[in-house]
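Novice: One structure, as structure tokens, below. Some questions next.
The values are calculated or read from the model by the stated rules, or taken from the named source; none is laboratory data. Computed from a predicted structure; not experimentally measured. Positions of Cβ are generated from backbone atoms using ideal geometry, with glycine treated the same way; all protein chains shown enter the neighbour counts. To get the accessible areas, we keep the full protein, side chains included, count just its heavy atoms, and leave off ligands, DNA and RNA. Shrake-Rupley method; radii C 1.70, N 1.55, O 1.52, S 1.80 Å.
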Amino acid sequence: WTSGFYPGCLWYAYEISGDARFERWACRWTESLVQEKSNRETHDLGFKFMCSYGNGLRLGKGPAYSNYREIVLSAASTLARRYDQTIACLQSNWDLAKSENSFPVVIDIMMNLEILFWASQNGGPSSYADIALAHAMTTCRDFIRPDGSTYHIVRYDKKSGKVLNKGTLQGAGDETTWSRGHAWGMYGMVVAYRYTEDPRCLAMAMRLSDYFLSHLPEDRVANWDFQSDVLYRDASAACIAASALFEMIDYVENASLR
């Protein structure tokens, strides 16, 4: 699921420096992922393709990039196959507590909605955006607790769509909040608002952000789980949240909140 990150970093290095070496390296690492566009064993195609091919489309010029768009559209099509209309979610491809009738969904998938939103605006079916927004709204309903904290995983009954149980795969406990997963939710809601301007997405992004910020230690680097007595830090959670906040500044009208 991390394979798009290094080419993404190379694209950013090229954007910042203008150094053609970074563009060359970014192309090489990006194009090594092409076979993943048809991988139906992962829900993380947004991670893989928007970081790599998405940045390539944004920064690359000329005929060398002519096939990038179709590759991203193909990856989006593969991801869209995971959607279940009854549950209104994309299915996760992993669960440590599998059961025969379970349809698991993890909050991480919020980070993969962007490829569907992008595809719907760049030659793919408009239904992809509908899928992405529906997934975001189901996440708002089922993953977020009254105090603004989040579950990591929700399992649904495959046939009825009813919630079977809620919990975590990577946090300290089923009723705690894993900070990186919470940050995925923050960022995903901001991206959903970017593409839809649906006020529900921005309101939820703000609610998740309020919880995240209010549970940070003095140095602002999040603990891996907000309720754990084991005080490991998760710098990635802090970075994801910061990315969400930097973008959200442009969407929030209240000056004091900005």
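Novice: Keeping all protein chains in place, calculate the accessible area per residue for the range 88-213 (probe 1.4 angstrom), answer in Å². Each step should come with its number before you reach the end.
Specialist: Details: 4810 Å² over 126 residues.
About 38 Å² of surface per residue is accessible.
Novice: So what is the 222 nm mean residue ellipticity for the chain from helices alone, if each DSSP H run of at least 4 adds -39500 (n - 2.57) and you divide by all residues, rounding to the nearest 500 deg cm²/dmol?
Specialist: -14500 deg cm²/dmol
Novice: Which residues' amide hydrogens lie under 5 Å from the amide hydrogen of Tyr156, considering only partners 5 or more residues apart or on another chain, with H built in the peptide plane?
Specialist: Placed amide hydrogens put Phe103, Val105, Leu164 under 5 Å from Tyr156.
Novice: Label points 7 Å out from Cα along the Cβ direction at Ser32 and Glu218: separation in nm?
Specialist: It is 4.3 nm.
Novice: Relative to a virtual label point 7 Å from the Cα of Glu15 in the Cα→beta-carbon direction, which members of the range 236-258 show backbone nitrogen distances below 18 Å?
Specialist: The answer is 239-251.
Novice: Can you work out ³J(HN,Hα) from phi for every residue in the range 154-169, in order, using Karplus 6.51 cos²θ - 1.76 cosθ + 1.60 and θ = phi - 60°, giving whole Hz and x for Gly and Pro?
Specialist: So the J values, rounded to whole Hz, are 10, 10, 10, 6, 4, 8, 8, x, 6, 5, 8, 6, 9, x, 9, 10.
Novice: Here's something else I'd like to know. Any lysines with Cα under 29 Å of the Lys166 Cα? List them, leaving off those in the same chain fewer than 8 positions away.
Specialist: Within the straight-line cut-off, Lys166 pairs with Lys48, Lys98, Lys158.
Novice: Just tell me, in residue order, which DSSP H segments of the chain are both 15 angstrom or longer along the helix axis (alpha-carbon based) and at least -1.0 in mean Kyte-Doolittle hydropathy.
Specialist: Helices meeting the span and hydropathy rule in the chain are 5-17, 68-80, 127-142, 179-196, 199-214, 235-248.
Novice: Classify the range 140-258: rounded, prolate or oblate, from the alpha-carbon gyration tensor (a ≥ b ≥ c, eigenvalue square roots; a/c under 1.5 rounded; otherwise prolate if a/b is larger than b/c)?
Specialist: Since a/c reaches 1.5 but b/c is at least a/b, the shape of the range 140-258 is classed as oblate.
Novice: Of the accessible area of the chain, with the probe set at 1.4 angstrom, what percent is carbon plus sulfur?
Specialist: Looking at the chain in its full context, I get 51 percent from C and S.
Novice: Could you pull out every residue, at least 5 positions away or on a different chain, whose amide H is within less than 5 Å of the one on Asp225? Hs are placed 1.01 Å off N in the peptide plane, and Pro or chain starts have none.
Specialist: When sequence neighbours closer than 5 places are left aside, the close amide H contacts are Ser179.
Novice: Next question, about the same structure. Regarding the chain, what whole-number volume in Å³ per residue does the convex hull of its Cα atoms give?
Specialist: Value for the chain: 138 Å³ per residue.
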